[in-house]
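For reference, the structure discussed in these notes is given below.
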Amino acid sequence: MRRTAWLYMLVAVWGAAAFAPAQVLPFRNWRPEDGLASSQVWAIHQDNQGYVWIGCTGGISRFNGRQFVTYRDAQGVLQNVVEAIGVDSQGRLWAGTFRGPCVYNALQDRFIFQQDLGGRVRRFVTLRGELYLMAERAVYRLGPGDVWEAVGIAGVVDPLTALSTDGQALYVATTTHRVFRMDPKQPEDVRSYLLPAAVNDLRAIAGGDVWVGTDAGLYFIDRARGTPAGPVTGSSPYRILTLVQDGDGTVWAGTTVSLLQWDGDRLHRFDSATGLGGLPVWSSFQDREGNLWFGTNHGVSLLAKRQTEIFDARAGLPGRSVIAVTWDAVRRRTWCATTEGLFFYADGRMQAYPDPDGYFRRYYVWTILPTPDGRLWLSTDGGGVVVIDGARRRILTAADGLAGNEVLELYRDDDGVVWAGGRQGLSRIAPDGIQAYTQEHGLPVNYVRRITRIPGRSDLFLGTIGGGFVRFDGRRFITLQPPDNQSLLSIYDMIWLDGRLWLATNRGVYIWRDDRQFNHIGLAAGLPNLNCTVFLRAGDNLLWLGTDSGAALLDTRSEGVIRTLTTAHGLAGDEFTTHHSATADGEGNFWFGTFGGASRVSRAIVDPNRPPEGRPQVALDRMEVTLRGGQRLLYRQAHNLALPAGVRSIRFAFDVLWFQDPQNLRVSSKLSGFDENFSAPGQVFQREFTNLPAGEYALDIHHFEGTRLQGKARLASFWIAPPFWQNPLFQLLAAILVCLLIFLLFRWRLHAIEQEKEHLSELVRTATHELEKKNTLLSRLATTDELTGLFNRRYFLRSLIQECRRLARSRPGETLTLLMLDIDHFKAINDAHGHELGDRVLQHVARCLRSGLRTTDCIARFGGEEFLVLLPVTPLDGGKRVAEKIRLMLEYYPVEHEGQAVHCTVSIGVTTATSPVDRPDELPDRLIRTADTLMYQAKQRGRNCTVAEPMPASAAKPVESES
């Protein structure tokens, strides 16, 4: 009765709850281009080794977290279509095809068709160790000799649609909207339940209650009451195709138009806009780690059991980047500043802070500083300092005495004085007035990025951009720079931790002690990127570091990286924005601001003693033994093997299966009996040994999460028999002939060594050739834009710098012309016709650019719908002619889309630099800025035009923008 009341309470709560706002989930999606058999996924299952098998319309794929191995008709999968997957009591994998079941033979690495059942196999379930399958007209049980025997169910004469089990009985649904319960041990005891709509899936739970997915919503069968209940309010509009219940009791329902989740309080709806790979959702599965898998019409999606949440425009936090995040202990909320204004997270949702005049959209907020007196201090980029006191708002600007209006940093000292740093200098804001400090007062540069103090000292420490690490004693500014080292010219963040001051720079992390000694942490210590932006204390001896390639968790004792977090682990973006883009809230959770949104990470993720979510499984893919005669032996299991003498080489291919965080997975191995130590941890999942002598061996694997040891496993154990000449009887006879054969044996051994050397040399040559091919491919990928095939931004900027240096060395009168193009109304094209046409328009523009320019010209996609063209040795009028040629070509040659001609035009800015040039190091930025200004003039003149002007003789020195 208690279970029955609980189930009815679920329906009542579900019925009362409205759909919750869509939360972005960190789905990982794979499609055919990633190696999946095909896009339409019908079934997902995990075998005993830990591999995940995915049944598709185009075959079945085995997945290890990194790559797919696909089996189709040529490998025994009849007609390629696999709609069901199961594992029998012997651990063998079965696939259900359109003709019947086939079983996977690991030694042959193929499927073997077993029995023609005259129709499709739709489901597999296991009951009391026995494997059952559902075909179109009957249920079958796997019997002796791999013969499938029909299981009669009284009263079932119609085609079947679904099959499930609660561990005690089978539940079968038919096309007549009925669900039958039958215990194969008591076949006469059959119960029937009538549903109001067609049944697509069943999910039986412990105790005999069953969730039922129908064409008219979600129902459940209460075994104690004997009647179906439902539909669950809110689910009736949905045709539910698949059901899964996770370890927390949450029910997930895949439908034709969305993925539904009930978390015990509210009903959530997810689709491709909130991270799901595609729709409809045909299949679902929970693996042994607790991860959820969903098969869709666009591949397979994995929702790993992680503790990360994403907040972006879809979750109420608009803006292309999150500039600052701060916990407000007074108001008990987390503040988020984005390019679209000021927001805060409270009461379980993201909310916008009132900004009627759009001040925080015009001037981005860089620092959010709550003070104990309840006031909120905000630094803005261009709008000075804003002080919010209740409903009152006060704005401090340069007119009030600040060093400038571009304020990027605020710091409040123990005396209640607020210090402001920015691009124009340092300001002291106190009740007695505002004092500004600039280069005229001894600052090495005006750009002050970070301000802090060391406990026990009255000095102020400043991190600057271009001026290094500076100490201010109230009268003098003293630069603290490592001897003969210019790496600390730009400092983005500082934090005092464990008696040391940690400095984040664009060349890694530096650690400063009061004795003027600096230690460096770089890529060798595990940093994912040298561009470091922000620090956040994570606990005792733990420190988060935000970089351009994700978050790194540092151990301050070993000064090494324990683990990293990226978009693959659920972050909204990989690139951190500013030195205030990380905070910890009142519950100890971590908030990260990146380009792409904000992420909230559970504090449990930094617990050094936490067990991994789901134990990784070590699986032997294959052990290949090559004998000296050329014979090859293949083993899928390698425990207590006895190998013959004459083993030439042994190759192990293995996997450590952990789908929650494969990027942080590292393995090391040791062949006991041969290796003295374990290999260095890495992502190498194979070992090869040659010429092993006779003896006993064992291959041991250690697997790590980052640098933390997760587990150990013995993958293989084997014994190599000694060769016949080590037999005592043979040695006695051979001693008589040893003098006669010693010369021949010496020559034979020399020849064998030469053969081995030649074999190894060939392996080296092959590996070197493959490495050169891969290096060439990587070089191309690093310099080109994947969509258009043009050069990317990084390559273009490098080429521009080289051309500007060449121009600076050229004779007077040499010219260099730059074109900046922007597609007019590109957003409207995307909104009207979809992103597929948008991509085709970008490719069309790229083709027109290539066809209309010289091979010596450099063409690049600069970002979004912007393109840059560099024309060496081209005067301004020549550049303008080229621009007009391109513009007219795009205007008169439309893009064909669904039988219609879609016209696109561009606005072009053209500028030319002529030698000699002053300040050649600033020339690239000046050229781009001038071309950008001219392009926007073209936009203002009505678009579809070209504006060309020579570059001004001089321009203000550019200042790098950090947001």
Practice task
May I ask you to list the residues in the range 898-938 that are of a type in the set (Lys, Arg) and either open to solvent by less than 30 Å² (accessible area, probe 1.4 Å) or within 20 Å of Glu814 (Cα to Cα) (or both)?
Solution key: Arg919, Arg926
Completion exercise
Asp655: passes all of (1) of a type outside the set (A, V, I, L, M); (2) at pLDDT 90 or above; (3) within 23 Å of Ala538 (Cβ to Cβ) but (3)
Exercise for the section: Kindly indicate whether any position in the range 288-296 is touching a Pro at 6+ places or on another chain (Cβ under 9 Å), part of a strand (DSSP E or B) and among the polar types (S, T, N, Q). Expected result: yes
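If you go through the range 783-792 one residue at a time, do you hit one that is outside any loop (DSSP other than H, G, I, E, B) and within 18 Å of Arg854 (Cβ to Cβ)?
Yes; the residues of the range 783-792 include at least one that is outside any loop (DSSP other than H, G, I, E, B) and within 18 Å of Arg854 (Cβ to Cβ).
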Problem - Where Pro21 falls short, out of the listed (1) in contact with a Leu (Cβ under 9 Å, 6 or more places away or on another chain); (2) at pLDDT below 95; (3) more than 15 Å from Phe294 (Cα to Cα) - result: (1)
Practice task
Tell me, please, whether a residue that is modelled with pLDDT of 90 or more, under 17 Å from Arg850 (Cβ atoms), in contact with a strand residue (DSSP E or B) (Cβ under 6 Å, 6 or more places away or on another chain) and in a strand (DSSP E or B) can be found in the range 889-912.
Solution key: yes
Handout entry: Residues of the range 152-185 that turn out to be closer than 17 Å to Val199 by Cα and without any contact (Cβ under 8 Å) to a residue 12 or more places away in the chain, as a count
Key = 1
Exercise for the section: Residue by residue through the range 96-109, note down the ones that are touching a strand residue (DSSP E or B) at 6+ places or on another chain (Cβ under 7 Å) and either over 27 Å from Leu633 (Cα atoms) or open to solvent by 50 Å² or more (accessible area, probe 1.4 Å) (or both). Expected result: Gly96, Thr97, Gly100, Pro101, Leu107
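Could you check, for the range 584-604, whether at least one of its residues is more than 30 Å from Val325 (Cβ to Cβ), in contact with a Leu (Cβ under 9 Å, 6 or more places away or on another chain) and either open to solvent by 20 Å² or more (accessible area, probe 1.4 Å) or at pLDDT 90 or above (or both)?
So far as the range 584-604 goes, no, none of its residues is more than 30 Å from Val325 (Cβ to Cβ), in contact with a Leu (Cβ under 9 Å, 6 or more places away or on another chain) and either open to solvent by 20 Å² or more (accessible area, probe 1.4 Å) or at pLDDT 90 or above (or both).
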Completion exercise
For the range 83-100, the count of residues that are in a loop (DSSP other than H, G, I, E, B) and hydrophobic (A, V, I, L, M, F, W, C) equals 1
Handout entry: Hits in the range 537-583 (condition: open to solvent by 10 Å² or more (accessible area, probe 1.4 Å) and polar (S, T, N, Q))
Key = Asn541, Ser549, Ser558, Thr564, Thr566, Thr567, Thr583
Exercise for the section: Determine whether the range 813-822 contains at least one residue that is in a loop (DSSP other than H, G, I, E, B), under 19 Å from Ile908 (Cβ atoms) and either assigned by the TED database to the domain that holds Leu870 or in contact with a helix residue (DSSP H, G or I) (Cβ under 7 Å, 6 or more places away or on another chain) (or both). Expected result: no
Fill in the blank from the handout: Screening Leu462, Leu402, Leu443 for residues that are in contact (Cβ under 8 Å) with a residue 12 or more places away in the chain, crowded, with 19+ Cβ neighbours inside 10 Å and in a strand (DSSP E or B) leaves only Leu462
Practice task
Scan the range 48-82 residue by residue and report those that are in a loop (DSSP other than H, G, I, E, B), within 21 Å of Val244 (Cα to Cα) and either open to solvent by less than 10 Å² (accessible area, probe 1.4 Å) or at pLDDT 95 or above (or both).
Solution key: Gly50, Tyr51, Val82
Problem - strands (runs of 3 or more DSSP E) fully within the range 531-591 counting 2 or more residues that are touching a residue at least 24 places away in the same chain (Cβ under 8 Å) and over 23 Å from Gln660 (Cα atoms) - result: 532-539, 582-584
Practice task
Say whether the condition of being of a type outside the set (Val, Ile, Thr), within 26 Å of Cys336 (Cα to Cα), in contact with a Phe, Trp or Tyr (Cβ under 7 Å, 6 or more places away or on another chain) and at pLDDT below 90 is met by at least one residue in the range 560-571.
Solution key: yes
Exercise for the section: Identify the residue in the range 200-228 that is more than 26 Å from Leu279 (Cβ to Cβ) and open to solvent by less than 10 Å² (accessible area, probe 1.4 Å) and, among all such residues, is modelled with the lowest pLDDT. Expected result: Gly208
Exercise for the section: Determine which single condition Phe654 fails, assuming it passes every other condition in (1) on the phi > 0 side of the Ramachandran plot; (2) within 43 Å of the chain's Cα centre (by Cα). Expected result: (1)
Handout entry: Failed criterion for Leu633 (all others in (1) closer than 17 Å to Arg714 by Cβ; (2) open to solvent by less than 50 Å² (accessible area, probe 1.4 Å) hold)
Key = (1)
Handout entry: Set Leu800, Leu807: member being within 13 Å of Val869 (Cβ to Cβ), over 31 Å from the mean Cα position of the chain (by Cα) and assigned by the TED database to the domain that holds Gly942
Key = Leu800
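This table checks each residue for (1) open to solvent by 20 Å² or more (accessible area, probe 1.4 Å); (2) under 18 Å from Ile720 (Cβ atoms); (3) part of a strand (DSSP E or B).
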residue: Ala619; (1), (2), (3): no, no, yes
residue: Glu624; (1), (2), (3): yes, yes, yes
residue: Ile650; (1), (2), (3): no, yes, yes
residue: Phe659; (1), (2), (3): no, no, no
residue: Phe674; (1), (2), (3): yes, yes, no
residue: Phe678; (1), (2), (3): yes, no, no
Handout entry: One residue from Thr464, Thr547, Thr505 being touching a Lys or Arg at 6+ places or on another chain (Cβ under 9 Å) and among the polar types (S, T, N, Q)
Key = Thr464
Handout entry: Only listed residue being open to solvent by 20 Å² or more (accessible area, probe 1.4 Å), in contact with a Ser or Thr (Cβ under 7 Å, 6 or more places away or on another chain) and of a type in the set (Gly, Ala, Ser), chosen from Gly319, Gly295
Key = Gly319
Practice task
Tell me, please, whether a residue that is over 30 Å from Thr905 (Cβ atoms), surrounded by 11 or more Cβ atoms within 10 Å (Cβ to Cβ) and free of Cβ contacts under 8 Å to residues at least 60 places away in the same chain can be found in the range 799-807.
Solution key: yes
Handout entry: Odd one out for Gly852, checked against (1) free of Cβ contacts under 8 Å to residues at least 60 places away in the same chain; (2) in contact with a Lys or Arg (Cβ under 6 Å, 6 or more places away or on another chain); (3) not assigned by the TED database to the domain that holds Pro924
Key = (3)
Practice task
Answer yes if at least one residue in the range 357-370 is of a type in the set (Lys, Arg) and either in a strand (DSSP E or B) or open to solvent by less than 30 Å² (accessible area, probe 1.4 Å) (or both), and no otherwise.
Solution key: no
Problem - Which listed residue, of Leu279, Leu259, is closer than 17 Å to Val300 by Cβ, at pLDDT 85 or above and touching a Lys or Arg at 6+ places or on another chain (Cβ under 9 Å) - result: Leu259
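The values are calculated or read from the model by the stated rules, or taken from the named source; none is laboratory data. Just so it is clear, the model here is predicted, and its values are computed rather than measured. All Cβ positions, even for glycine, are placed from backbone atoms using ideal geometry, and neighbour counts span all protein chains on display. Calculation scope for accessible area: heavy atoms of the full protein, side chains included, ligands and nucleic acids excluded. Shrake-Rupley method; radii C 1.70, N 1.55, O 1.52, S 1.80 Å.
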